[in-house]
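To start, the structure itself, in structure tokens.
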Amino acid sequence: MNKNVEVVSLVFKSIDYLHFIVDQLKGDRCKVEGWDVGVRIVANDATPEVLEELKKLDIPYTIFQNYWKNEYYLNRVYRAYNHAVITSEYDNVCLVNSDDGFSKDWLKNLLKHHDGVNIPCSRLIESGKMGSGMHGVNLGNDHCGRSPDTFDLAKFDKWVEKNSEDKIQPGGLYMPCVLEKKRFIESGMYPCGNIYHNGIGTFQFEGQVKMAGDDFYFHRVLEPKYGMKHITVFDSPVYHIIEGEKDE
């Protein structure tokens, strides 16, 4: 496997979250010895303010415009992540969210398990805005911040030092994740939305979701077609503010 990877985040409307994720992408926590690591922002239906700010920042970026601007936001998000992988110049892509805060060795430890068999995902340490999913940690009132300006990196690092574990577990949450570009494209990529009783991404009846789009992709496409296994890497903790740009 070629040891190169691009870490990519979407940004839509928030200048604060744009700076939050760019500062991290350009920092030492997105460097891994022995790997060629690239970073990029995909401006997904971005506001004019975000596009103007991107021009001032020293980071690669691409602009993605959805055809249907008023479509349910998750459908547009999945399309933008598909675009991110298709347009990557790297063999492997690590997809992240703009409201993620990275621990020191998150990427190195994620890449240890990127072997064509596993689908390695970071363990999310979450702010408590909402409940956490499988293997996630809900910090509740002891959170490390619920916005870019309140994120307490030192507090998060202390939590990681105390609680990070060198182990993997099956299943879990879905991002950050590392995927091979070639396999991602040939497999058909993410469905453009969640799976509803009346189709993919239709969102016509609230509460009728059968399966999340990333869940479908991991467990109904990659697993049966290629024998791949979704895993959570417990020594790749990533802080998740939750619904960052959506909350603004």
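The values are calculated or read from the model by the stated rules, or taken from the named source; none is laboratory data. Note that the structure is predicted; figures quoted are calculated from it, not measured. Don't worry about glycine lacking a Cβ; one is built from the backbone with ideal geometry, like all the others, and counts go over all protein chains shown. Heads up: the accessible areas ignore ligands, DNA and RNA and are worked out on the full protein's heavy atoms, side chains in. Shrake-Rupley method; radii C 1.70, N 1.55, O 1.52, S 1.80 Å.
Tabulated data
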quantity	calculated
Selected residue (only one of Lys26, Lys3 is within 22 Å of Gly116 (Cα to Cα) and either open to solvent by 20 Å² or more (accessible area, probe 1.4 Å) or among the charged types (D, E, K, R) (or both))	Lys3
Among (1) at pLDDT below 95; (2) open to solvent by less than 70 Å² (accessible area, probe 1.4 Å) - the single one Glu223 does not satisfy	(1)
Residues within the stretch 138-156 that are closer than 29 Å to Asn118 by Cα and either in contact with a Lys or Arg (Cβ under 7 Å, 6 or more places away or on another chain) or without any contact (Cβ under 8 Å) to a residue 12 or more places away in the chain (or both), tallied	0
Test: residue in the stretch 108-122 that is open to solvent by 40 Å² or more (accessible area, probe 1.4 Å), under 17 Å from the mean Cα position of the chain (by Cα) and within 15 Å of Val7 (Cα to Cα)	yes
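A quick yes/no check of all residues on (1) open to solvent by 70 Å² or more (accessible area, probe 1.4 Å); (2) more than 19 Å from the chain's Cα centre (by Cα); (3) closer than 20 Å to Asp100 by Cα:
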{"position": "Arg146", "(1), (2), (3)": "yes, no, yes"}
{"position": "Phe151", "(1), (2), (3)": "no, no, yes"}
{"position": "Glu161", "(1), (2), (3)": "yes, yes, yes"}
{"position": "Arg183", "(1), (2), (3)": "no, no, no"}
{"position": "Tyr196", "(1), (2), (3)": "no, yes, no"}
{"position": "Ile241", "(1), (2), (3)": "no, no, yes"}
